[in-house]
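The next block holds one structure in the form of structure tokens; read it before the comments.
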Protein chains: 2
Amino acid sequence: MTEIAIGIDIGGTNTVFGCIDSLGNTVIEGSIPTQTKDNFEEYIDDLISVIKSSIENADTEITITGVGIGAPNGSYRTGTIENAANLRWKGTLPIAQLVQNKLNVPVKITNDANAAALGERIFGGAKNMSDFMVITLGTGLGSGIVVNGDLLYGFEGFAGELGHVIVRSEGRECACGRKGCLETYVSATGVKRTVYKLLAKHLGDSALRDIPFNNLNAKMVAEAANKGDLVALETFKYTGKMLGEALSNVASVTAPEAIFLFGGLAKAGDLLFDPVRKAMEENLLFLYKDKIKLLPSNLGENAGIMGAAALIWNDETKTYS
Amino acid sequence: MTEIAIGIDIGGTNTVFGCIDSLGNTVIEGSIPTQTKDNFEEYIDDLISVIKSSIENADTEITITGVGIGAPNGSYRTGTIENAANLRWKGTLPIAQLVQNKLNVPVKITNDANAAALGERIFGGAKNMSDFMVITLGTGLGSGIVVNGDLLYGFEGFAGELGHVIVRSEGRECACGRKGCLETYVSATGVKRTVYKLLAKHLGDSALRDIPFNNLNAKMVAEAANKGDLVALETFKYTGKMLGEALSNVASVTAPEAIFLFGGLAKAGDLLFDPVRKAMEENLLFLYKDKIKLLPSNLGENAGIMGAAALIWNDETKTYS
């Protein structure tokens, strides 16, 4: 018999699930497309059916300890998804209750960045850390913050919106309706915007001049930078500087031992890490200088479902420790 | 027999102490000047002697549960004061150990802002709140942040330096050696600097034109504002705007239920609170709009020693709850 937690990672395109044991091994995994159904309950019905049949068809007998869900705008306190910008279902979605009704085990939900932080703590590079944060760099910028050994949820569960700290007064327009939010500079989308700003500013040749905005992605910019493209190189320097400055400020609030960078953009490696580290150290208050580790996430390809499953294993750890 | 915690509030000028019972009543209080001795241990000797004789001379028999100390740069994790800018003794001062050797009860230390936050939680306006922060407005700006019901100490105990979040790139010079820190704008000193900036900018009459920089204090500016002095009024608007913008950003990190303003500058009342609230609400991410209470501290004149004593009563509460 194998005891597992089901980790569910809800993305705008696909919903990925996995059965993860307490050591972080993936016993079963699978996925369904997220947004084919008009009705949210039908989507949950489909998802649970697929998970159940995967478990029934497994080689080993499986016991489900609980279900952890990472979802955009997922609230730990209420067990709901609220007004997620990139999901078709609007309003308040009582996902924890719906899943619990079907599987009759504890169900916990949080947003993707909090799940990533828990995953890092239970299975990744933050195993012995009580105070750290994970910055997720995707289409936007998310953050999961652990303090005193626990996720910082905040009032009503909505803490950790570091992507929406305003870093430039009257800066770039943000999808949240305000201007100058960190994620308009530091994210895959932010990188594209910076490329276009620099292409407008400079005269020199760049491979990026041949790519329309809507086709450009951060990976292309990293590839161009690795070939020595000056606009691409300056883009990463600028992106890193903006992130490093923001991290030096948030360090004055939460004083983390380490900051992990996670997600597609973090795969650019030194191109991103070097300017982030430089700007962060230059701007840190003396109390924190040379103390904060800037690290790549230590979770692999299954990070999303491992982080979601960590919601369950984290509570188990506490109960039995 | 009365069971009390000793609260000690170490300021640059005076060290105030009090014996506080678990309901927040002050049974005994007293003070000594802080910086008359070259040697830190002699200062502690004097302080403990005065406290002991106060207790021996009391009308009632007193049992000491523990000692809580609020001090500049006090570290909860190490029990030391480290390089406090406005104390004459430099380096690392092992104050918790020194006091414990003399009184043989548990001794806890934290910085003044953390103590204020704990005081607010145990005895003040945050009794039922798990997520809030206290902003202390004095010569500088301090912050004590409570999340998940506990003080946010951070790695090595130095979280909550909100006064040193950089809010203006290349802004005002700060005593920390950097530029543009929040406390260079929002503090008693920041208010003075803003008055002088505005006196330079404007031509109109102002009562403040007759006061040299070194004689000016925030109370005079508040008095001038209450008489309709335009420079003084604009000073409070500017100060409040800078604080409100900063609070809207930190809200995206910690998502507090309430923010308490504490200290001399907070006594300016609506002069300060109105522009803070306006700027905060205008800049908040939609998730937090109209949800965060901005409140004056609910602790009275003894706030410093009550906050320090709360370090002890907080742990007692946890043990017996």
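Quick look at the values:
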{"item": "Shielding score for A:285-292, defined as the mean number of other chain Cβ atoms within 10 Å", "result": "5"}
{"item": "Cα→Cβ-extended label distance, 7 Å offset, between A:K90 and A:V105, nm", "result": "3.5"}
{"item": "Peptide A:252-262 - average C-beta neighbours from other chains (10 Å radius)", "result": "5"}
{"item": "DSSP bridge orientation in chain A - percent antiparallel, rounded to nearest 5", "result": "55"}
{"item": "Karplus-derived HN-Hα couplings along the range B:246-253 (A = 6.51, B = -1.76, C = 1.60, θ = phi - 60°), whole Hz, x at Gly and Pro", "result": "5, 5, 5, 6, 5, 4, 5, 8"}
{"item": "Protection-proxy order for peptides A:4-15, B:295-306, each taking the mean of Cβ atoms within 10 Å per residue, highest first", "result": "A:4-15, B:295-306"}
{"item": "Beta bridges per DSSP with both ends in the protein assembly as shown, % antiparallel, nearest 5", "result": "55"}
{"item": "Rounded to whole Hz, the Karplus (6.51, -1.76, 1.60) HN-Hα couplings of the range B:271-277, x for glycine and proline", "result": "3, 9, 4, 4, x, 5, 4"}
{"item": "The range B:163-321: Cα Rg divided by the 2.2 N^0.38 Å rule of thumb", "result": "1.16"}
{"item": "Highest-first arrangement of A:204-215, B:265-276, A:83-94, where packing means the average Cβ count within 10 Å", "result": "B:265-276, A:83-94, A:204-215"}
{"item": "Per-residue average of Cβ from other chains inside 10 Å of B:178-188", "result": "1"}
{"item": "Relative contact order [Cα under 8 Å, 6+ residues apart], chain B, whole percent", "result": "20"}
{"item": "Residues A:K108, A:K278, B:K237 arranged by fewest to most Cβ contacts within 10 Å", "result": "A:K278, B:K237, A:K108"}
{"item": "Among beta bridges that DSSP assigns inside the range A:128-296, antiparallel share in %, nearest 5", "result": "55"}
{"item": "Those lysines that a straight Cα-Cα span of less than 20 Å connects to B:K289, excepting residues fewer than 8 apart in one chain", "result": "A:K90, A:K179, B:K241, B:K278"}
{"item": "Charged-residue dipole, Cβ positions (Lys, Arg, Asp, Glu), the protein assembly as shown about Cα centre, Debye nearest 20", "result": "2080"}
{"item": "Sequence-distant residues sharing a close amide H with A:S31 (under 5 Å, placed H)", "result": "A:F17"}
{"item": "Sequence ranges B:225-231, B:119-125, ranked by mean other-Cβ count within 10 angstrom, highest first", "result": "B:119-125, B:225-231"}
{"item": "Dipole of chain B, positive direction: furthest Cα of B:C181, B:T60, B:L299, with charges on the beta-carbon", "result": "B:C181"}
{"item": "Simple Cβ-charge dipole of the range A:128-296, Lys/Arg +1 and Asp/Glu -1, about Cα centre, in debye nearest 20", "result": "440"}
{"item": "Charge dipole of the range A:105-197 about the Cα centre (unit charges at C-beta), most positive-ward option of A:G142, A:T194, A:V165", "result": "A:T194"}
{"item": "Interchain or long-range residues, amide H under 5 Å from A:N86's placed H", "result": "none"}
{"item": "Under-5 Å amide H pairs with A:L141, H placed in peptide plane, nonlocal only", "result": "none"}
{"item": "Dipole of the protein assembly as shown, positive end: most advanced residue of A:L208, A:A258, A:N114 [Cβ charges, Cα centre]", "result": "A:L208"}
{"item": "Gyration tensor (alpha-carbon) shape descriptor, the protein assembly as shown, a/c threshold 1.5", "result": "oblate"}
{"item": "Stokes-Einstein translational diffusion, the range B:138-213 - Kirkwood Rh over all Cα pairs, 0.890 mPa s, 25 °C, in µm²/s", "result": "172"}
{"item": "Simple Cβ-charge dipole of chain A, Lys/Arg +1 and Asp/Glu -1, about Cα centre, in debye nearest 20", "result": "1160"}
{"item": "Karplus-derived 3J(HN,Hα), 6.51/-1.76/1.60, for each residue of the range B:207-219, Hz, glycine and proline x", "result": "4, 6, 5, 8, 10, x, 3, 5, 9, 6, 9, 5, 5"}
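None of the figures in this text is laboratory data; all of them are computed from the coordinates on show. Just so it is clear, the structure is predicted and the values come from calculations on it, not from any experiment. Neighbour counts run over all protein chains shown; Cβ positions are idealised from the backbone, glycine included.
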